[in-house]
Amino acid sequence: MKKQWWHDKVAYQIYPKSFCDSNGDGIGDIPGIISKLDYLKELGVDIVWISPMYKSPLADQGYDISDYYSIDPRFGTMEDMERLIMEAKRRDMYILMDLVVNHCSDEHEWFQKAVQDPDGKYGNFFYIRDRKEGEPLPCNWRSYFGGPVWEPLPGHPDKQYLHVFHKKQPDLNWENPEVREEVYKNIRWWMEKGLGGFRIDAIINIKKKLPFSDYPADRDDGLSYIGNMLEEAQGIGDFLGEMQEKAFRPYQAFTVGEVFNAKEEEIKNFIGDDGYFSSMFDFAGTCYGKSGKGWYDSRKYLTPDEYKSCIFQTQRKIGDMGMISNIIENHDEPRGVCHYIRPEDLCEASKKLLAGVYFLLKGLPFIYQGQEIGMENMKFTSRDEIDDISTLDEYQVALDAGKSEEEALEMASAFSRDNARTPMQWDAGENAGFTTGTPWLHVNPNYTSINVAAQKDDEDSVLSFYKKLARLRKNPVYKDTLVYGECIPYLEEEENLIAYERAGEKRLLILANLQKDSKTVALPAPAEEVLLNNLKIVNFTDETRQEIALAPYQFVVVEIL
Ligand code: TEU
Ligand code: CA
């Protein structure tokens, strides 16, 4: 693998609406982010991906953009954005913005012009089809947010437009070269402002299998999961290769794709040395146990052995072909400590264990805001507490499937995107120090015990453990091994043990005992040095230091000979 500037970095995702509010309107903003750059630098962060802050009606919290060349006044001004980029650069940090180009907002001027003249230039910027009253829709795909992907074009009852997400997010027609050129122009415009690159939103959806056709209905609604079509769509590489060549490569942009369905044979094309993207996220754990019926029928959390199988499956699939980006959560997912740790195993030690297990895998570690202090899921007590459009859809799907309101709420608490969107918990003061106003979304009541202020000076806190992980990754003695060393699963069959070797210039063994009982583990070679431990002591069972009695929820990194 060709070495790249970003390979040895640590990345962080900010969901700006919930990160830090500087002006008391209850909404996080750019000046708030700038005020926390030193906090991120001290955490060990180099690359910061910020979810969308472009002008938007916020129908999907900013993933519905109405002007790609602007900053929404709720988040600040373009000058604020330029100052953020400059302040980050001063700290040797890089800013990534979110590239959301599978769709735009229905309030974007392109769509407004398409509504005015569906047969004109901008009509072809979207997928608009004739459909006479009573005729079937062009296809029976289900939107990611529920219901058909077709909506009547405003003012044209005999025309429909495609939206694979919300109806306020009309899909852009990537078959139209004018659309693609507009996207590439915008990317170059932002790169000229000094961005480090982009996270690429929902990009697997830009290539549709045309002409539109039905797939077997997989629910009583008569619709079909859109993934069925995506499996058959061919040629996305033509678009992605063109974007890489015309927009990203000229700026050596760092790009990380939100790619859920890359086939093994496609990995090299996606993230190889000359791939469409620099990296893409590992969603194996995210997708594990998801049911086609909906969240209500999906696995609320994984066992240690299920999580282990996910991370090793990806590590084996990627190998040395490229650099994957490792996560345990993001703004679309439940909090990782509530999804990858069984409820009965959730504690400070297991939170640090999970942090170590994913962070030291081969790949670029992304920390999602609040993950570094072990933030947890919300407990919804009523439907009215739910903000997220995806959760509201899944709540109804659960009720339609015959679940009680209580069961539907429990499902929402386990999967809702709101879990990751409650305000960042800075301290135990009002609104967790996020805002002096009324937060746009309720603060998790556990902020009084889980917050930055309570952890930043505590050597044994989750926050301090993340700092130690980042320091170990950057330690000149071990950096090359942790960045480029092979990841070799160890004692994979051992129940509740997640263990792997990172083999490069050095040999590092990562051992994680994710259970309430102790577990004695033989090492493949004598332990030279204990590099990291989430507990106070490491109990070698003999003086040869070739066997460890791991305590419950113990995580250790040892250098072996
Ligand atoms: O998500 C893309 C995606 O695949 C969604 O189906 C996601 O898995 C779903 O929202 C989970 O409930 C991206 C963004 O990350 C998401 O926040 C946006 O809502 C979506 O695209 C549309 O832009
Ligand atoms: Ca604000």
Inset, instruction - Hey, can you tell me all the residues within the stretch 221-239 that are within 16 Å of ligand 1 (Cβ to nearest atom), assigned to a helix (DSSP H, G or I) and surrounded by 14 or more Cβ atoms within 10 Å (Cβ to Cβ)? - result: 227, 228, 229, 230, 236
Inset, instruction - Could you figure out which of (1) in contact with a strand residue (DSSP E or B) (Cβ under 8 Å, 6 or more places away or on another chain); (2) more than 17 Å from residue 103 (Cα to Cα) isn't true of residue 232? - result: (1)
Inset, instruction - Please enumerate the residues belonging to the stretch 254-267 that are under 13 Å from residue 233 (Cβ atoms) and part of a helix (DSSP H, G or I). - result: 266
Legend entry - Residue within the stretch 25-33 that is within 12 Å of ligand 1 (Cβ to nearest atom), surrounded by 21 or more Cβ atoms within 10 Å (Cβ to Cβ), closer than 24 Å to residue 281 by Cβ and touching a residue at least 40 places away in the same chain (Cβ under 8 Å) present: no
Inset, instruction - Could you grab me the full set of residues in the stretch 34-66 that are within 16 Å of ligand 1 (Cβ to nearest atom) and part of a strand (DSSP E or B)? - result: 49, 50, 55
Legend entry - Residues (of a type in the set (A, V, I, L, M, F, W, C), closer than 21 Å to residue 549 by Cβ and buried (at least 17 other Cβ atoms within 10 Å of the Cβ)) located in the stretch 485-514: 497, 498, 499, 508, 509, 510, 511, 512, 514
Legend entry - Flag for residue 69 being buried (at least 21 other Cβ atoms within 10 Å of the Cβ), in a loop (DSSP other than H, G, I, E, B) and not polar (S, T, N, Q): no
Inset, instruction - Check the stretch 75-88 and report whether any residue there is within 14 Å of ligand 1 (Cβ to nearest atom), buried (at least 22 other Cβ atoms within 10 Å of the Cβ), closer than 26 Å to residue 248 by Cα and not polar (S, T, N, Q). - result: no
Inset, instruction - Return the pairs, sorted by first residue and then second, in which the second residue is of a type in the set (S, T, N, Q) and surrounded by fewer than 16 Cβ atoms within 10 Å (Cβ to Cβ), the first residue lies in the stretch 297-320 and is touching a residue at least 24 places away in the same chain (Cβ under 8 Å), the beta carbons are less than 7 Å apart, and the residues are 6+ apart or on different chains. - result: 297/291; 298/291
Legend entry - Residue in the stretch 288-313 that is farthest from residue 403 (Cα to Cα), counting only those that are surrounded by fewer than 22 Cβ atoms within 10 Å (Cβ to Cβ) and among the hydroxyl-bearing types (Ser, Thr, Tyr): 309
Inset, instruction - Please give the number of the condition residue 218 fails out of (1) out of contact with any Ser or Thr (no Cβ under 8 Å at 6 or more places or on another chain); (2) assigned to a loop (DSSP other than H, G, I, E, B); (3) farther than 26 Å from residue 97 by Cα; (4) charged (D, E, K, R). - result: (1)
Inset, instruction - Give the number of residues within the stretch 462-520 that are among the aromatic types (Phe, Trp, Tyr) and closer than 23 Å to residue 319 by Cβ. - result: 4
Inset, instruction - State all residues of the stretch 424-438 that are in a helix (DSSP H, G or I) and either surrounded by fewer than 24 Cβ atoms within 10 Å (Cβ to Cβ) or of a type in the set (S, T, N, Q) (or both); if no residue qualifies, say none. - result: 430, 431, 433
Inset, instruction - Kindly list, by first and then second residue, each pair from a residue in the stretch 66-80 that is more than 15 Å from residue 32 (Cβ to Cβ) and free of Cβ contacts under 8 Å to residues at least 24 places away in the same chain to a residue that is within 16 Å of ligand 1 (Cβ to nearest atom) and of a type in the set (Lys, Arg), limited to pairs with Cβ atoms under 8 Å and residues at least 6 apart or on different chains. - result: 70/55
Inset, instruction - Answer yes if at least one residue in the stretch 77-99 is within 16 Å of ligand 2 (Cβ to nearest atom), farther than 25 Å from residue 256 by Cα and outside any helix (DSSP H, G or I), and no otherwise. - result: yes
Inset, instruction - Scan the stretch 142-180 for residues that are assigned to a strand (DSSP E or B), more than 13 Å from ligand 1 (Cβ to nearest atom), in contact with a strand residue (DSSP E or B) (Cβ under 9 Å, 6 or more places away or on another chain) and not hydroxyl-bearing (Ser, Thr, Tyr) and jot them down. - result: 148, 150, 151, 152, 153, 156, 158, 159, 160, 162
Inset, instruction - Name the single residue, out of those in the stretch 116-152 being among the polar types (S, T, N, Q) and under 19 Å from residue 179 (Cβ atoms), that is surrounded by the most Cβ atoms within 10 Å (Cβ to Cβ). - result: 124
Inset, instruction - Would you tally the residues in the stretch 268-306 being in contact with a strand residue (DSSP E or B) (Cβ under 7 Å, 6 or more places away or on another chain), closer than 26 Å to residue 415 by Cβ and in a helix (DSSP H, G or I)? - result: 1
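FYI, it's all coordinate maths here, none of it is from the lab. No experiment lies behind these values; they were computed from the predicted model shown. Reconstructed Cβ throughout: ideal geometry from the backbone, glycine too, with neighbour counts over all protein chains shown.
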